[in-house]
Structure formats: C-alpha cells, structure tokens
Amino acid sequence: MLIILRLLAGIAGGYTSGATILMAKEAPESRSGQAQGVLFACILGGSLAGPVLGGFISAHVGMREAFFISGGMILFNVLATVFLVSEDHVPPRSRGELQPIAAPFDFRIWTLLIATMGLLVANLSIEPIIYSVVESLNHHPFETTSAAGIVLSATALGSLLSSLMLGSLADRYGAMRVAVYGFGIGALLIIPQALVTDVYVLTLLRFAMGLALGGVLPCLKSALKHAYTDAGSLGRVMGLSTSFQYIGQVAGPMMGGIVAAAWGTNHVFHVTAAVALICAVLLSCGMRRSSAP
C-alpha cells in the first residue's frame, strides 16, 4: 500500500515542472534568467531542508505524524498557488496561432535539452560511490558517513548560491554563454577531484564545482525560453526539459556506479569531466548556429 501511495504521489508531483513553465511565461523577458535562478534556488533549498525537517519531525513528533504535516504543507501550497498566483493565459486558438503538437525542434533546442541531461549526470555521478571515495581519504575526526554527507552538502550549498548569481549574469551576458563557461569551469574543477588525498580538499573542490555548475540549469531554462518563442507551446518544451532532467537524475548515478565497478572510482571523475566538456562544446556549437545568418 505504501509503495502504491508513493507512486501516486510521484505521479501527482508535477508542481516543479508547472512552476518552471509558469515562471518562464510570466517573468519579464529581461529578467528571465534571474527568475529561473531564484526558482531553482528555492527548489534546491527545499530539497536540502526537507530531509532534515522530516527527520526532526519523525524523531520528536512521530513518523505517521510526519506524513500528516507534509500533506498539510502541500495543501497549503495548493491553496496559496490557487489564490495568490495569477497567470496571464491566452488559449492558442483565440490567437489563431495553434501549432501542431509534433512541431520539430531546431539544433539549438536539442543542444539545450541534452545539456540539461548532462548537467544532472555531472552533478549526481559521484553519489553512488561517495562512501567509497571518502573512506579512502583522510577524514579525521569525522566518521565516514558524516564526512560523505558534508561533501554532498557542500556541493548542494555551492549550487544554491550559484543559482542566485548566475541567473542575473545570464540576463546580462547571455544564458548560453554563461552556461558554456559554467560547464567548462566545472569540468576543470572535477578533474583534480580524482587526485585528492584529503576530504577537506575534496569538500572545497565540490563546493567550487557547485558554484560553477549550480547556476547552469536556470541559464539553460532561460535559453530555452528565448529559443522556443516561435516554435509552438512553451509549456511543451519546458516539460520536455524537465523530463531530460529526470533522465539525467537516473543516468548520473547509474553511470557513476558502472564506471566505478569497471575501471575504479577515480575514473568516475574523469568521465564526468568529459561529460561536462562535451556539454560545453555542444552549447558552443548551438551558439554559433543561432548567430549564423
């Protein structure tokens, strides 16, 4: 019964995708990158606070009560969205602009979607091997599990801070250009992670990598909005972008586990850096294609 209920909760959990689409539609054109950055920072902040809050409630209030409190928070979110959030929605038929559902995407759209998947792969590839990596490093005086949690939290903290900053830079200098630099710097910060011998150095590098890659996703969302203005429904491409995110969330840990099992944990960092560099090259090609006459 619990498995079925969790499955249904996952099916109904499309609020993030809807919020991303709504933010892309309603945010001013000149501040779309900043809007996506703030939204992603809020999502990431909730992802960080949720497990902590859930563990506290379960320990001090009760495990079943945690479900009631979580459900109440979701209900509050629903009511707040219905009564406080407005949408300037005009049906396509009333504009005479109804586009076919199967409208083709151009090269730039596909590069942005693939880069979205690659970003999640780069961020999450270390997760299945983090315990093994930290165990082989000097992590005194922390236990291995505590040190592994600190490393992962450092990456998330860097991503949270970066998403608030890079969105504004995307509005000023161009979303795809900022994303290219983010991927390139992120790749350079991933490579030395295979050589560290101290967990503190690894934590610092992961934090810096989070700063480089964390704000890339809002940039990619903003670039999608600008690239898809005349190709049909914006909601369609934003929803597809979220699907590519989920593919990356599955492919990243899977890739990390397979590479670690076949070649060793150090090679996970090398392959991840290669993924980030490939994404940077793809986006650079997309920029050239979009600027060509």
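Could you tell me what percent of the accessible area of the chain is made up of carbon and sulfur, with a 1.4 Å probe and every protein chain present?
69
How many Å² of accessible area per residue for the chain, probe 1.4 Å?
Ligands and nucleic acids excluded, the result is 55 Å² per residue.
Relative contact order for the chain: what percent, with Cα pairs under 8 Å and sequence separation of 6 or more?
It comes to 31 percent, rounded to a whole number.
If you add up the charges near Ala175, with Lys and Arg at +1 and Asp and Glu at -1, over every other residue whose beta carbon is less than 13 angstrom from its beta carbon, what do you get?
On the way: positive: Arg31, Arg108, Arg172, Arg177, Lys221, Lys225; negative: Glu29, Asp171.
Overall, the nearby charge balance is +4.
DSSP loop (so not H, G, I, E, B), at most 10 other Cβ within 10 Å: list which GluC sites (Glu not before Pro) in segment 27-91 pass both filters.
For GluC sites (Glu not before Pro) across segment 27-91 that sit outside H, G, I, E and B with at most 10 neighbouring Cβ atoms in 10 Å, the list reads Glu87.
I want the local charge near Thr272. Using Cβ-Cβ distances under 13 Å, sum +1 for each Lys or Arg and -1 for each Asp or Glu among the other residues.
0
Per-residue counts of other Cβ atoms within 10 Å, averaged by peptide: what ranking do you get for 176-185, 217-226, highest first?
So the peptides 176-185, 217-226, ranked by packing, come out 217-226, 176-185.
Roughly what would the spin-label model give for Ala9 and Met165, points 7 Å off Cα along C-beta, in nm?
Distance between label points: 3.5 nm.
Using a 10 Å cut-off on Cβ atoms, rank the peptides 122-134, 195-207 from the highest mean neighbour count down.
122-134, 195-207
For Val250, put the label point 7 Å out on the Cα→Cβ axis and report which residues of segment 111-134 keep their amide N under 17 Å from it.
Within reach of a label on Val250: 114, 116-122, 124-125.
Report the extension gain between Ser153 and Ala262 in nm, rounded to one decimal, defined as 0.36 nm multiplied by the number of residues separating them, less their alpha carbon distance.
Between Ser153 and Ala262, full extension yields 36.5 nm more.
Can you give me the relative contact order of segment 168-293 as a percent, contacts being Cα pairs under 8 Å and 6 or more apart?
Taking the mean separation of contacting Cα pairs over the length of segment 168-293, I get 41 percent.
May I have the pair-distance distribution P(r) for the chain, computed from all Cα-Cα distances with 5 Å bins from 0 and rounded to whole percent?
1, 5, 10, 15, 16, 15, 14, 11, 7, 3, 1, 1, 0, 0
What shape does segment 11-52 have by the C-alpha gyration tensor, where a ≥ b ≥ c are the square roots of the eigenvalues, rounded means a/c under 1.5, and otherwise prolate means a/b greater than b/c and oblate the rest?
Oblate is the answer for segment 11-52, as a/c is 1.5 or above yet b/c matches or exceeds a/b.
If you stretched the chain out fully between Thr81 and Val61, how much longer would it get, using 0.36 nm times the residue separation minus the C-alpha to C-alpha distance?
4.4 nm
Evaluate E = 1/(1 + (r/R0)^6) for Ser132 and Leu53, where r is the Cβ-Cβ distance and R0 equals 22 Å; express this FRET efficiency to the nearest 0.05.
0.15
Could you report the accessible area of Met165 in Å², rounded to 10, computed with a 1.4 Å probe on the protein chains as they sit in the structure?
The accessible area comes out at roughly 110 Å².
The values are calculated or read from the model by the stated rules, or taken from the named source; none is laboratory data. In this text, all values refer to a predicted model and were calculated from it rather than measured experimentally. Here Cβ is always computed from backbone atoms with ideal geometry, including for glycine, and neighbour counts include all displayed protein chains. Areas reflect the complete protein model, heavy atoms only, side chains present, ligands, DNA and RNA absent. Shrake-Rupley method; radii C 1.70, N 1.55, O 1.52, S 1.80 Å.
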